[in-house]
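Peer 1: Below is one structure. I have some questions about it.
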Amino acid sequence: MSSAPLAAPILRSLKIKTGAVKRLVREREVYILELDQQRDRIETLRKKEGVEGADIRKQNEVLEETLQMIPYMERRIREAMQDLENLVIASKKDDTLAVPELCDADEAIAAAKQALPDSKEVKRAAGPLA
């Protein structure tokens, strides 16, 4: 039985799904950094004299939008990670597919699992909005 015709599409899928998981983890990290920056921006505005309340309210809206993106990104990471895990499991059944892409996929899955907090951590990280 020749696995060469099947190997190319599986390898391609592994690369794509691995890249997607890595990208989503990075995007989540960017949103968390943006959340911290936005909180600092709001605090700076509150300390400044002459800043209108509307400006602070608008920045709070931006903060809220950013805060909503984090759970959304985590759902997307979980979905992409599950797809990748399923593909890795299926690929490992075929012993001829011991390739670096499987190692990359395993590393991406491990990084995604490490990046995903439990629900208590998410609530703690969110902190007060106002």
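Peer 1: Excluding ligands and nucleic acids, what accessible area in Å² is computed for D36 using a 1.4 Å probe, to the nearest 10?
Peer 2: 70
Peer 1: Could you list the GluC sites (Glu not before Pro) in the stretch 5-93 that lie in coil according to DSSP, counting only those with at most 12 other Cβ atoms within 10 Å of their Cβ?
Peer 2: Passing sites in the stretch 5-93 are E49, E52.
The values are calculated or read from the model by the stated rules, or taken from the named source; none is laboratory data. All of these numbers come straight from a predicted model, not from anything done at the bench. Note: ideal-geometry Cβ built from the backbone for every residue, glycine included; neighbour counts use all protein chains shown. SASA here: full protein model, heavy atoms, side chains in, ligands and nucleic acids out. Shrake-Rupley method; radii C 1.70, N 1.55, O 1.52, S 1.80 Å.
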